[in-house]
Amino acid sequence: MRSGKYLLVLSCLFSHLLMAQIPELIPYRKGDLYGYANDKKEIKITPAYDYAGLFYEGLALVKKGGKYGFINKTGDVVIPLMYARADRLSEGVANVQQDKTWGFVDATGKTVIPYIYEDAFPFKNGLAKVKLNGRYGYIDGKGKTVVPVEYDNANEFSEGLALVKKDGKYGFADTKGKLVVAPEYEYALAFSEGMAPVQKTGLWGFVDKAGKLVIQPKYKRAYMFKEGLAYVELNGKSGFVDKKGNEVIPVQYDDVSQFSEGLARITMNNKSGYIDKTGKLIIPIQFESYGGKFTEGLAKVTLNGNKGYIDKTGKLVIAAQYNLAEDFSEGLAMVFKNRSYGFVDKMGKEVIPMQYSECYSFSNGLALVYIKSKACYIDKKGTQYWED
């Protein structure tokens, strides 16, 4: 894996599967070694690894003696632990590093794309990003180059188009490698709701998927469309435009956020409130600093220097008592006070006590936490999948 805290990556995956059931097998730490247990904490695969990832497509990435490989749900090694680095299985193959180069193996361990790349990333929707001779592009499942490996950088595809950079300029390529938006912009962001923000001569506008400049560059800053509107900044003030470029919410606020669940945070004189998509003030400007977006019906706000949560009427439903707070995910939110992390439910009950030195939001029924500098998982009941 690429990160020192390699479990973090796996904890963030599949965040869109809200309220999902926890996996059949959960990485389980015993002492300094990892294996797997079920949700009753019954060990099913004996702890023997320095690292154990979640199962994807029937296989889990494991590490021992500095080398990575894959096991199945009965604990059998099906892809030998022989790789310097590796990512999880995706679309039937995994990107792995042997010596200093990357290639791809299938679920049996057979090399299906040779080790010729300086870097390689997991397949998504039939394509994988690769790096060769310092340049980036995309290949298909047979190893055929689809998006030429000639770009300074190539981002993930969004709505069928990937942001690419060449000779310091940005454009967009489709899934067949065609440049639908020529690299002529100083900067750009991903497509969202059929439009992408682009920067030209220091100012921002928007292009459509045909490459047409639909909203001419005139803004100091612009962000992606969400719920039909995009926020823009001009002369130090922010507001919202629709897809025709109409400033449907006047550019008059010190700062704004994207719309989420029908509301957007607006800030004036370091105080925040919330408006709807007509620009009507729904929650008065009263909260300190910058409020959070609404997620699962609640938004984090600051009062008297502490974090709490409001509902869509502006009612403070969870008292402002935390030093830090994150958005709700799968019904729980990560909070921090007294130098420790824990989780609260939507009633404000601390369902998982403040006891962790570091933790991350729930995804797929599990949350990654750190205790005594060791990474482990907990479920939403607070069950700890480890023993010392």
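Throughout, read-outs are computed from the coordinates displayed, never taken from laboratory work. Treat the numbers as computed from the prediction; the structure is a model and nothing was measured. All Cβ positions, even for glycine, are placed from backbone atoms using ideal geometry, and neighbour counts span all protein chains on display.
If only the Cβ of Lys and Arg carry +1 and only the Cβ of Asp and Glu carry -1, the dipole of the chain around its Cα centre is close to 300 debye.
Considering all projection directions equally, how large on average is the shadow of the alpha-carbon convex hull of region 177-225, in square nanometres? Intermediate results must be reported in sequence, preceding the final value.
Values: hull surface 12.7 nm².
Result: a mean projected hull area of 3.2 nm².
Under 5 Å from the amide H of Arg221 lie the amide H atoms of Trp204, Glu233, each residue being 5 or more positions distant or on a separate chain, with H modelled from the backbone and absent for Pro and chain starts. Counted over region 76-193 with a bin width of 5 Å, the fraction of Cα pairs per bin, in whole percents, is 2, 12, 22, 21, 17, 11, 8, 4, 2, 0, 0.
Restricting to Cα pairs below 8 Å that are 6+ residues apart, what does the relative contact order work out to for the chain? Please round to a whole percent. Present the calculation step by step, with values, prior to reporting the outcome.
Working: 1026 pairs, mean separation 35.9, N = 388.
Worked out over the chain, it gives 9 percent.
For region 208-345, give the magnitude of the charge dipole about the Cα centre (Cβ charges: +1 Lys/Arg, -1 Asp/Glu; no others), in debye to the nearest 20.
Details: 20 positive and 16 negative charges, 82 e Å.
It works out to roughly 400 debye.
In plain terms, the residue of Ser329, Ser357 with the fewest other Cβ atoms within 10 Å comes first and the most crowded comes last, giving Ser357, Ser329. Among Leu303, Leu89, Leu163, the residue with the largest mean-square fluctuation in a Gaussian network model of the chain, with springs joining Cα atoms closer than 10 Å, is Leu303.
Counting every other Cβ atom within 10 Å of each residue's Cβ, Lys124, Lys243, Lys178 order from fewest to most as Lys178, Lys124, Lys243. With each run of n ≥ 4 DSSP H residues scored as -39500 (n - 2.57), what mean residue ellipticity at 222 nm is computed for the chain after dividing by its residue count and rounding to the nearest 500 deg cm²/dmol? Computed ellipticity for the chain at 222 nm equals -500 deg cm²/dmol.
Each 10 Å bin from zero holds the following percent of Cα-Cα pairs in region 257-388: 13, 42, 29, 14, 3, 0. Working from label points 7 Å from Cα in the Cα-to-Cβ sense, the Asn38 to Gln286 distance is 5.1 nm. Taking 7 Å steps out from each Cα toward its Cβ at Lys30 and Leu324 produces label points 3.3 nm apart. Only Lys, Arg, Asp and Glu carry charge here, each on its Cβ (+1 for the first two, -1 for the last two); on that basis region 64-194 has a dipole of about 480 debye about its Cα centre.
By the count of other C-beta atoms within 10 Å, a proxy for reagent exposure, Arg29, Arg339, Arg135, Arg265 are ordered fewest to most as Arg339, Arg135, Arg29, Arg265. When the charge dipole of the chain is built from unit charges on Cβ atoms (+1 for Lys and Arg, -1 for Asp and Glu) and taken about the Cα centre, the candidate among Gly141, Tyr170, Tyr56 whose Cα reaches farthest toward its positive end is Tyr170.
Among the listed values (i) 38, 33, 15; (ii) 37, 24, 18; (iii) 31, 24, 18, the one matching semi-axes √(5λ) of the Cα gyration tensor in Å as calculated from this structure is (i). Given their separation in residues at 0.36 nm each and the Cα-Cα distance between them, Gln98 and Glu193 gain 30.2 nm when the chain is fully extended.
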